[in-house]
Structures are given as structure tokens and as C-alpha cells.
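Please read the structure below before turning to the comments.
The values are calculated or read from the model by the stated rules, or taken from the named source; none is laboratory data. From a predicted model like this one, the values you see are computed outputs, not experimental measurements. Here the Cβ positions follow ideal geometry from the backbone for every residue, glycine too, while neighbour counts run over all protein chains shown.
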Amino acid sequence: DTPGILDHALEQRNTIEMQAVTALAHLRAAVLYVVDISEQCGYTLEAQASLFHSIKPLFINKPLLVVCNKTDARAWDELSAEQIELIDEMRKVADPDAVAAGEPPLTMSTVSEQGVMEVKQ
């Protein structure tokens, strides 16, 4: 678990963010990228996708899952086609075959616990 990383230039990141970037770069662990589809975190899906793409070089050779969280606050079917495409572009980095096969994204709600066990597996 790392603290949040904001989407700005490397030289503008604070010490905590740099520690998170260093951990992503050097730890041999799976990466779970959690997308807040409700946007209640204060960042749009566009901003969350932009951050993902700015740090995706750190995910090379690491197992990666993109998970859509907060489905209790906003259902998947409430997303626009453009927002779904943003999420699918992130998912293509993690599992291009699943996206090509039309498999649904991993979704969850930590409030209702819907999907949490699927993500853990």
C-alpha cells in the first residue's frame, strides 16, 4: 500500500510521493491500481487515467490489476462511453486479452463488499 500519487511532474512530487514512486519501481510485487469511478476522491476519471499512464513504466514486469472501486456510489452503467474507454485503455495495459475478449472490468465496493473477494483472488 502506498500513499496517493498526484499527477504532476516528477520534480514537483513531494517526499512521500517520491517514496511511493520508488517503491513501485523497485519492489517485486503486484500492482493494484484502484480507480474511483464515483470521482468522490476529488479527481476525475480523466485525471486518474492520466496519472496511470504517467506511472505505467513503473509497472513493467509486474502483475497489474486495474480495479474500479466505489460501485456503491456510482454504478458501472452510469459511466459515459468516453469514461469506459479511459478505463479500458488502462485495462489494456494490465490485461489486453481480457479487454479484447470483451470481459467486464473488475469492480468492487469496499462499503458493500461487492466484488472484494474477486479482487483478492
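Couple of notes before you dig in:
- Beta carbons closer than 9 Å, at least 6 apart along the sequence or on distinct chains, pair a first residue in region 78-101 that is over 15 Å from residue 65 (Cβ atoms) with a second that is of a type in the set (Asp, Glu) for 82/46; 83/46; 86/46.
- Of all residues making up region 35-64, the number that are modelled with pLDDT of 95 or more and part of a strand (DSSP E or B): 2
- Residue match in region 21-30 (condition: in contact with a strand residue (DSSP E or B) (Cβ under 9 Å, 6 or more places away or on another chain), at pLDDT below 95, aliphatic (A, V, I, L, M) and loosely packed, with under 13 Cβ neighbours inside 10 Å): yes
- Taking region 104-114 as the range and being of a type outside the set (Ser, Thr, Tyr) and closer than 13 Å to residue 35 by Cβ as the test, the residues that pass are 105, 106, 108.
- Filter result for residue 102 (more than 26 Å from residue 17 (Cα to Cα), at pLDDT 95 or above, out of contact with any helix residue (DSSP H, G or I) (no Cβ under 9 Å at 6 or more places or on another chain) and surrounded by 16 or more Cβ atoms within 10 Å (Cβ to Cβ)): no
- Restricting attention to region 65-91, the residues that are within 12 Å of the chain's Cα centre (by Cα) and either exposed (fewer than 14 other Cβ atoms within 10 Å of the Cβ) or assigned to a helix (DSSP H, G or I) (or both) total 6.
- Residue 108 vs. criteria under 14 Å from the mean Cα position of the chain (by Cα) and either more than 18 Å from residue 59 (Cα to Cα) or among the small types (Gly, Ala, Ser) (or both): yes
- Hey, residue 56 of a type in the set (Lys, Arg) and over 12 Å from the mean Cα position of the chain (by Cα) or not: no
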